[in-house]
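The structure under discussion appears below in the form of C-alpha cells.
None of the figures in this text is laboratory data; all of them are computed from the coordinates on show. These numbers were taken from a predicted model, which means no experiment stands behind them. Note that each Cβ is placed from the backbone with ideal geometry, even for glycine, and that neighbours are counted across all protein chains shown.
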Amino acid sequence: MKEVLRVVHCIVAVAVLLGASLASAAEAPSDAYIAGYAAALLEREFQASSTSLKVERGVITLSPSDLRQADVGRVKQALAGIRGVVAVDIREGTSAARPAGAAREAEPGRTDAAGKDAFATGLLPGGHLFKPLIADPRWPHFGATYQYYLDDKQLGSVASVSFGETFTLYRDKLGGGWWEAGVQAGVFALFDLDAPSMDLINADYMGALFLGYRYDRFSAIGRLFHQSSHLGDEFILRNRTQNRINLSYEAVDLRLSYEFFRDVLRVYGGGGYLFDQDPEDLKPGFVQWGFEFRSPWRTAAFRPIAAVDVQNREENNWHTDFSLRAGIEFEGWLASRSLQIMLEYFRGHSPNGQFYRDKIDYIGIGAHFNF
C-alpha cells in the first residue's frame, strides 16, 4: 500500500509541475519578443545585421543582404528554433508576412515543398537527417524518467537517466537528397530509488559512427557501434545479483524511415547484427520497427505526440519488447532544442545490461531533450 501511495504522490507532483509548465507555455511569445530575440541571435551567432528584420504573427522576414557571409540554411534553422516562430522567409523583397498558421520552414530532419534547400552543408552543419526515435529506450539523448516496475521481485521505484546525442560532422548533397556522417554517444543509467542511498543498478555505454541519408520524406541511418554494460558497486555489494555478466558487443544496424502528411505520421523499420560479443553465445540478430505521431493541431508552444517502438531479438527467441510513449513536445524550447514530457509504458525483456534475459513491465513519466 505504501508503494502505491508513493507512486501516486510522484505522479501528482509531476502533474502539478507539468500543469504549471503548460500554463506558462500556453501564452505565445509576442512579435516584439521574437524580433528582439532574433536580432540578438543574428548579431551574436552570425555577426549579421537585423536592419530588414520584421515579425508579424510569428513569421520572420529577412533580406539575405543582411546576412553578409552567413550560411542561409543555418540562419533559417536558428531562427526557426525560437519559441513562437511559425515560419522564416529569407529572400530579397520580402516584406509581407505569411498568413497566421503558415507552416514552419524546413529544418534539418524536416522537409517540405517550400524548404527542401534548408539543409546546411559542410562541416558541423547542425541537425540530423534521420530524426531521433522517440520511443526507443536506447536512442542517445538527454532525458530523465521516473519508472515504477509492476509486480517485480527486485525493483519498484526506479530513476532512469540518459546522457547522449547525435553529432553530424559533415553533410553534403547527393543527387536529389543529402548524405551526412557523424558520431553518436550515450550513457544510460538506472538507479534504485527504494535503496537508502539510491544505488546505481546498471550503466550502459555506447558509441557509434553513422552514415545518414535523406530524400524528401524518406530517411535512413546506418551505424557501426559498441555497447558495454557495468553494474553499480553498491548494487553488487548488496549481493542482489549472481552470475555477473559483463555484457559487451559491437554491432551494425540499419533503419529506414518515411514520413506521411507533412511530419504528422512517421513509420520506420530495420535491424542489425551483433559481433565480437561477450558472452560469446549471445545470439546476434535483432529487428526493430515502429511509428510516431505528431499532432497537426498545435499551439505556438507545444503539440501532442505519441510513439510505439517494437524490438525482437534472436537471443530472446524473437519475443516482442514493446515501448509506448505519449505526451507533449515543446518545439524550440531552448533555441533549436525540443523538450518532450511523456508518459511511458514498457513490457518485454530488459534493455539494461546483464538483465537482458529478465522480463520487466513498468510505467513511467519523464522529460526528454532532443537537439
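Descriptive notes on the structure:
- Think of each Lys and Arg Cβ as +1 and each Asp and Glu Cβ as -1; about the Cα centre, that makes the dipole of the range 127-370 roughly 820 debye.
- Extension gain for the segment A181 to Q47, taken as residue separation times 0.36 nm less the Cα-Cα distance, is 45.5 nm to one decimal.
- Centre separation in Å (Cα based) which lies between the range 146-185 and the range 304-334: 11 Å
- Full-extension gain in nm, D216 to Y273, via 0.36 nm per residue minus C-alpha separation: 17.7 nm
- Among 321-327, 228-234, the order from most to least packed when residues are scored by Cβ within 10 Å on average: 321-327, 228-234
- Potential lengthening between T320 and V264 on full extension [0.36 nm per residue; Cα-Cα distance subtracted]: 17.6 nm
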